[in-house]
Amino acid sequence: MPELPDVENVVNKIKPYVVGKVFKDVEILDPLLLQTSPSKLKKVLIESRVEELERRGKFILFYLAPPRTLILHLRMTGDLLWFPTSKERHLHDRLIFFFEHGEMRFRDQRRLGKVYLVPERGFSSIKALSTMGPEPLSPSFTFSLFDELLRRKKGKIKSILMDQSFVAGIGNIYGDEILFQAGIRPTRRAENLKGGEKKVLFKKIKEVLWEAVSDYEQLSEKSSWFINWRRKGVCPRGCGRLERVKIGGRYSYFCPSCQK
DNA sequence: AGTCAAACCTGGGCGC
DNA sequence: TGCGCCCAGGTTTGAC
């Protein structure tokens with residue numbers, strides 16, 4: 001599931017329940033996800049308060065008091081769920097965080113998710129976070145910044161969009177959506193994009209992600225979205241079959257007629 | 001630096 | 001029904 005809009009949605013959903021609240025217990029059902037020791041996680045979290053909750057790229061950061069940072073990454077199949085009252089466990093529940101008024105669960109079918117605990121209010125010890133590119137929805141992510149960063153890159157544009165150190169939060173699906181809406185093939189090389197194409201691409205990065213974040217619930221029903229046609233292998237505009245290419249180990253889909 | 005394959009995991013779907 | 005293979009909205013690592 002989780003790329004920027006999905007993670008943003010998870011954070012917004014969980015936020016009202018946990019900000020200002022104190023961890024009372026942690027149940028570790030699957031230590032595989034932990035990048036810290038179970039005993040340390042329990043010891044540190046219990047009686048810690050959640051000061052703030054924030055998304056950075058596809059990471060979720062819990063800023064704690066006393067100062068520590070709990071960091072979650074949902075990877076492919078992770079999700080965070082809130083239960084006001086205890087319910088029976090789901091097969092894929094990996095971690096349960098107990099508060100006085102309810103519990104937050106980290107559910108993850110494929111067990112690829114990650115849980116980090118770092119000192120202070122920082123994350124310099126996590127490489128992916130310390131080298132993370134700009135937040136695409138931030139006002140400081142301007143066309144001139146995008147253009148400047150892009151000039152330093154070579155290679156297929158799809159790989160670059162998915163590169164978290166280039167720009168944060170875009171994955172395989174939204175990468176395809178952005179390129180479809182921009183009318184650019186995923187195989188195009190960054191160094192060959194024309195000025196106008198870069199402008200459109202920048203605009204679509206903002207537009208697609210912004211719309212996905214603000215209209216998250218409706219998204220799966222929107223037939224205008226490439227996302228909902230991708231798997232069927234047919235262009236939403238009726239051009240016919242989509243083509244599939246492997247880029248950076250993932251399949252990219254594109255319409256050979258709409259995308260140049 | 002870019003690209004590719006493989007690894008980390010589980011499970012659904014498909015062909016035989 | 002069973003088996004093997006492909007695929008999945010992510011990231012890291014190691015080789016060329």
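Here A:Arg121 passes the criteria (1) more than 16 Å from DNA strand C (Cβ to nearest atom); (2) touching a residue at least 40 places away in the same chain (Cβ under 8 Å); (3) assigned by TED's automatic domain parsing to the domain that holds A:Leu45; (4) not in a loop (DSSP other than H, G, I, E, B) except the one numbered (4).
Within segment A:237-255, being on the phi < 0 side of the Ramachandran plot and touching a residue at least 40 places away in the same chain (Cβ under 8 Å) holds for A:Val245, A:Ile247, A:Arg250, A:Tyr251, A:Ser252, A:Tyr253, A:Phe254, A:Cys255. Please tell me if A:Phe98 is more than 16 Å from DNA strand B (Cβ to nearest atom) and either loosely packed, with under 12 Cβ neighbours inside 10 Å or under 18 Å from A:Glu8 (Cα atoms) (or both). It is false that A:Phe98 is more than 16 Å from DNA strand B (Cβ to nearest atom) and either loosely packed, with under 12 Cβ neighbours inside 10 Å or under 18 Å from A:Glu8 (Cα atoms) (or both).
Would you please name the residue that is nearest to the chain's Cα centre (by Cα), looking only at residues in segment A:244-260 that are under 13 Å from A:Ser159 (Cβ atoms) and of a type in the set (D, E, K, R)? The selected residue is A:Arg250.
Scanning segment A:204-260 for residues that are under 29 Å from A:Leu150 (Cα atoms), within 12 Å of DNA strand C (Cβ to nearest atom) and either among the hydroxyl-bearing types (Ser, Thr, Tyr) or not assigned by TED's automatic domain parsing to the domain that holds A:Met162 (or both) yields A:Tyr216, A:Tyr251, A:Ser252, A:Tyr253. Applying the selection to segment A:204-256, what residues are hydroxyl-bearing (Ser, Thr, Tyr) and surrounded by 15 or more Cβ atoms within 10 Å (Cβ to Cβ)? Across segment A:204-256, the qualifying residues are A:Tyr216, A:Ser252, A:Tyr253.
Residues that are assigned to a helix (DSSP H, G or I) and more than 10 Å from DNA strand C (Cβ to nearest atom) were ranked within segment A:150-167; the one that is surrounded by the fewest Cβ atoms within 10 Å (Cβ to Cβ) is A:Arg151. With respect to A:Gly113, is the statement that it is crowded, with 18+ Cβ neighbours inside 10 Å, in contact with a Lys or Arg (Cβ under 8 Å, 6 or more places away or on another chain), among the small types (Gly, Ala, Ser) and touching a residue at least 24 places away in the same chain (Cβ under 8 Å) true? The answer is yes for A:Gly113.
Only a single item in (1) part of a loop (DSSP other than H, G, I, E, B); (2) crowded, with 19+ Cβ neighbours inside 10 Å is not met by A:Gly20, and it is number (2).
Residues in segment A:168-203 that are small (Gly, Ala, Ser) and either in the same structural domain as A:Gly57 (by TED's automatic domain parsing) or within 16 Å of DNA strand C (Cβ to nearest atom) (or both) were compared, and the one that is surrounded by the most Cβ atoms within 10 Å (Cβ to Cβ) is A:Gly169. Report yes if A:Val50 is more than 16 Å from DNA strand B (Cβ to nearest atom) and either at pLDDT below 95 or surrounded by 14 or more Cβ atoms within 10 Å (Cβ to Cβ) (or both), otherwise no. Yes. For A:Leu129, the conditions (1) within 16 Å of DNA strand B (Cβ to nearest atom); (2) in contact with a Phe, Trp or Tyr (Cβ under 9 Å, 6 or more places away or on another chain) are fulfilled apart from (1).
Counted as qualifying within segment A:32-104 are the strands (runs of 3 or more DSSP E) with 1 or more residues that are under 24 Å from the mean Cα position of the chain (by Cα), closer than 19 Å to A:Ala168 by Cα and of a type in the set (A, V, I, L, M, F, W, C), namely A:49-56, A:59-65, A:68-73.
The values are calculated or read from the model by the stated rules, or taken from the named source; none is laboratory data. Source: prediction; values computed, not measured. Neighbour counts run over all protein chains shown; Cβ positions are idealised from the backbone, glycine included.
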